[in-house]
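Structure first, then comments.
The values are calculated or read from the model by the stated rules, or taken from the named source; none is laboratory data. Quantities reported herein were computed from a predicted structural model and do not represent experimental measurements. Cβ placement follows ideal geometry from the backbone for every residue including glycine, while neighbour counts extend to all protein chains displayed.
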Amino acid sequence: MNQHNIEPLLKISNLTVHYGAAQALFGVSLAVGRGETVALVGANGAGKSSLLKAIMGLAPPSGGSIVLDGEEVTGSTPAAMAARGVALCPEGREMFGDLTVKENLELGVLALKVGRGEVQSRLDEVFTRFPKLKERSKQRTATLSGGEQQMVAMGRALMARPRLLLLDEPSLGLAPLITDEIFEIIKQLTRAGVTILLVEQNAARALTASRSAYLLANGQIVGQGLSDKLLLDPELRRAFLGAGSGDNPAASRLGAAGLTNIRLEKPDMRKQTFMPPFKTTDELLAQQLQGLKWTVRHAYEGSGFYRAHLDAAGITPEDIRSLDDLRRLPFTTADDLRDGYPFPFRAVPFEQIVRIHASSGTTGKRKILCYTQKDVDDWRHFFARAYEMAGVTPLDRVQIAVGYGVWTAGAGFQAGVEKLGALAVPVGPGNVDLHCEFLVDLQSTVLCCTASMGLLMAEEVHKRGIADKINLKKIIYGSERSSVSMRRKISELFGGVELFDIPGMTELYGPGTGIECPDHDCIHYWADYYILEILDPETLQPLPDGEWGEMVVTTLSKEAAPLIRYRTRDITRIIPGPCTCGSILPRHSRLRGRTDDMFKFRAVNIYPSSIDKILSEVPGLGSEYQIHLTRDDRERDHMLLKVERGEGVEPGRTDELGREIIYTIKHKLLVTPEVEVVEYGALPRTDRKSKRVFDSRITDSVV
Ligand code: ZN
């Protein structure tokens, strides 16, 4: 048995090959372990084929040595190498087109002089691996497709039951889908224990299918390592994309080394992670403290607003020694943003600002926030993390239905998709026809939208009867609170898609600052980028974990417009304890509303989300509703709740549904609304945020 033999099966040392005066290989050394697939990656003309020919005895080396299984074989003849169990599957396949598939396969054992019965059993083995070849065994090889010819070439090499299989450019000239199939077979062979030296221009494919790899350029090994690591190496990735330029010297260097015309294909980035590198909460807290110290100093030194604000509170950057010192810092609010319009909180010189985004100003001036390149890069990185947490992979097609332009939404969703390496379909909001067309034609797997747009699309897909023609798996929706029943409805109409709530606001980069995890009971947030506090909105004192209050955020690495204890007005709570999904990133509940959405009705504080929840528990109701608040002539508050009947629910049930809603609200919220149950589809649908609370009680004229 070989299990104690740690000698590689193939060991090449300092190999040189000349063709006349021209030198093709310059001292190449490499090793292939038993049962291992090793990739040799290089551009056209790098010397890959020369190396294979030297191993196979087709091109005699001018120096160096080739050792197979401990035996020196340098300069052996091709027949001797075949007899030693080395089989070459050549580039361009070199098929005898007039022979049938079966005849071509049998050529693989011709030199080995095996018996008739043995040939048949090897044929059967190859046909098991390549069922397509069995169907075509009597067909002339010239009539096969390129992919099938490649299978014949591989099958012919396997007929020899090689100890070492040399595969030269198996994907050359094949369409991506066929290439998938060929590489799947290579992976199967690896699992079956065949030792393979795989030569490829297609670096991404070769690295994905191999354990370790060598990079060959101009006849020399210029890099080597484990394939997983090479695949994620930033310099190599630039090189695969051929991005060499004056601005990009690293890539140019690789370009000069002859690596930049390696065949381009999107690398397999499934192994890439955007999660934080730390494993413990202590490490996280240490990073937070470092970020907090940096932020306070940076804001104090870079921003006139923050210097004055901190001076007024009697705090200097030196006062921040522990995370508890966060409590000593003064709050900032949306009013501070508006007062500093158009560049509030700016803490870097203008020449470092590369972008602005703005949010719609529902009251007063809009909020404008500025970004440095690092801010943009950080945002892109953690947005990719959000996709990663939702299980989106580089193979997904992400259709984006949020607004592009000055808003953060489109830019954020787009950048995250590209960072992850998935395919972005940037449609924007509205345009339901185009969305439906792309869902069918492009088979998009992920839709990013507001909850309202999600519902609109779900109903449209249902109405058009295209649910079984689309391939949607996940919906990532944000920027708006959504009811449980709305989520359920969207998921059902789309035939069971998974929904992920993604929070975000312009002040804090934009969307993607956390996401609902696949266990669907919480939102993990990126505590390595910001600290989240939950405070009592009245007293501004911290609340214990688990209690609902106002979310207050402090950024840890934001440069252009840092936030220090910024009051978001969003209502949520910290969920204590670890998540079942295994992530160590802390979590909060889905947003329950905003302090400004909360309304008082006859001295009771009511969040629209409480109404959501109640309505979603009454069977027979739709997901749309409106709350109208008015005041009668005796100055008493009046609430009219307009709710849609569910789709297909009989009008005869209207009164009964109304009574049930009144009963439940009275029971749970201790207030009595008037209820009007309207027919399904009667309330307006929008592709943006739906307005739900219409409060016309305040009639004082604004001076
Ligand atoms: Zn989780």
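The table for this structure:
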item	result
Filtered residue count, the range 504-521, keeping only those that are surrounded by fewer than 23 Cβ atoms within 10 Å (Cβ to Cβ) and within 16 Å of the ligand (Cβ to nearest atom)	5
Members of the range 307-327 found to be over 12 Å from THR554 (Cβ atoms) and assigned to a helix (DSSP H, G or I), listed by number	ARG307, ALA308, HIS309, LEU310, ASP311, ALA312, ALA313, PRO317, GLU318, ASP319, ASP324
Selection within the range 66-76 - within 10 Å of ALA54 (Cα to Cα) and among the β-branched types (Val, Ile, Thr)	ILE66, THR74
The range 70-84 residues that are in contact (Cβ under 8 Å) with a residue 60 or more places away in the chain, paired with ones that are assigned to a strand (DSSP E or B) (beta carbon under 7 Å, 6 or more apart)	ARG84/LEU68
Residue satisfying all of: in the range 501-527; of a type in the set (Ser, Thr, Tyr) and outside any loop (DSSP other than H, G, I, E, B); nearest to ARG385 (Cα to Cα) among these	TYR525
Matching residues in the range 501-557 - criterion: being of a type in the set (Gly, Ala, Ser), touching a His at 6+ places or on another chain (Cβ under 8 Å) and closer than 22 Å to ASP335 by Cα	GLY510
Neighbours by Cβ (under 9 Å, 6+ apart or cross-chain): first from the range 507-518, farther than 19 Å from GLN414 by Cβ; second of a type in the set (S, T, N, Q) and away from the ligand (no atom under 11 Å from the Cβ)	GLU507/SER359; GLU507/THR568
In the range 572-607, the residues that are assigned to a strand (DSSP E or B) and more than 16 Å from the ligand (Cβ to nearest atom)	GLY593, ARG594, PHE599, LYS600, PHE601, VAL604, ASN605, ILE606
Counted residues, the range 32-89 - those being assigned to a loop (DSSP other than H, G, I, E, B) and crowded, with 19+ Cβ neighbours inside 10 Å	7
Candidate set from the range 364-397 (those that are in a loop (DSSP other than H, G, I, E, B) and in contact with a helix residue (DSSP H, G or I) (Cβ under 9 Å, 6 or more places away or on another chain)); member that is surrounded by the most Cβ atoms within 10 Å (Cβ to Cβ)	VAL392
Qualifying positions in the range 86-137 - touching a strand residue (DSSP E or B) at 6+ places or on another chain (Cβ under 9 Å) and within 20 Å of LYS187 (Cα to Cα)	VAL86, ALA87, LEU88, CYS89, PRO90, GLU91
Conditions (1) surrounded by 14 or more Cβ atoms within 10 Å (Cβ to Cβ); (2) touching a residue at least 40 places away in the same chain (Cβ under 8 Å); number of the one not met by ILE315	(2)
Candidates ALA467, ALA458, filtered to the one that is without any contact (Cβ under 8 Å) to a residue 40 or more places away in the chain and buried (at least 23 other Cβ atoms within 10 Å of the Cβ)	ALA458
Scan of the range 563-596 for residues that are surrounded by 19 or more Cβ atoms within 10 Å (Cβ to Cβ) and over 30 Å from LEU310 (Cβ atoms), ordered by number	ARG587, ARG592, GLY593
Members of the range 355-402 that are β-branched (Val, Ile, Thr) and at pLDDT below 90	THR362, THR363, THR393
Among the candidates LEU110, LEU144, residue that is assigned by TED's automatic domain parsing to the domain that holds GLY47 and surrounded by 14 or more Cβ atoms within 10 Å (Cβ to Cβ)	LEU144
Complete set of residues in the range 605-616 that are over 26 Å from THR333 (Cβ atoms) and modelled with pLDDT under 85	ASP612, LYS613
Yes/no for ASP501 being within 12 Å of the ligand (Cβ to nearest atom) and in contact (Cβ under 8 Å) with a residue 40 or more places away in the chain	no
Unique match (being among the β-branched types (Val, Ile, Thr), farther than 22 Å from TYR529 by Cβ and in contact with a strand residue (DSSP E or B) (Cβ under 9 Å, 6 or more places away or on another chain)) among VAL392, VAL406	VAL406
Residue satisfying all of: in the range 159-180; touching a Gly at 6+ places or on another chain (Cβ under 7 Å) and at pLDDT 85 or above; nearest to LEU232 (Cα to Cα) among these	LEU164
Check on VAL28, in a strand (DSSP E or B) and touching a Leu at 6+ places or on another chain (Cβ under 6 Å)	yes
Residue ranges of strands (runs of 3 or more DSSP E) in the range 610-692 with at least 1 members touching a residue at least 40 places away in the same chain (Cβ under 8 Å), out of contact with any helix residue (DSSP H, G or I) (no Cβ under 6 Å at 6 or more places or on another chain) and of a type outside the set (Asp, Glu)	621-631, 637-645
Among the residues listed as TYR566, TYR525, the single one being within 16 Å of the ligand (Cβ to nearest atom) and within 30 Å of VAL354 (Cα to Cα)	TYR525
THR630, sole failed condition from (1) over 27 Å from TYR525 (Cβ atoms); (2) β-branched (Val, Ile, Thr); (3) out of contact with any strand residue (DSSP E or B) (no Cβ under 9 Å at 6 or more places or on another chain)	(3)
Failed criterion for VAL425 (all others in (1) farther than 30 Å from ASP336 by Cβ; (2) out of contact with any strand residue (DSSP E or B) (no Cβ under 7 Å at 6 or more places or on another chain); (3) modelled with pLDDT of 95 or more; (4) not basic (Lys, Arg) hold)	(2)
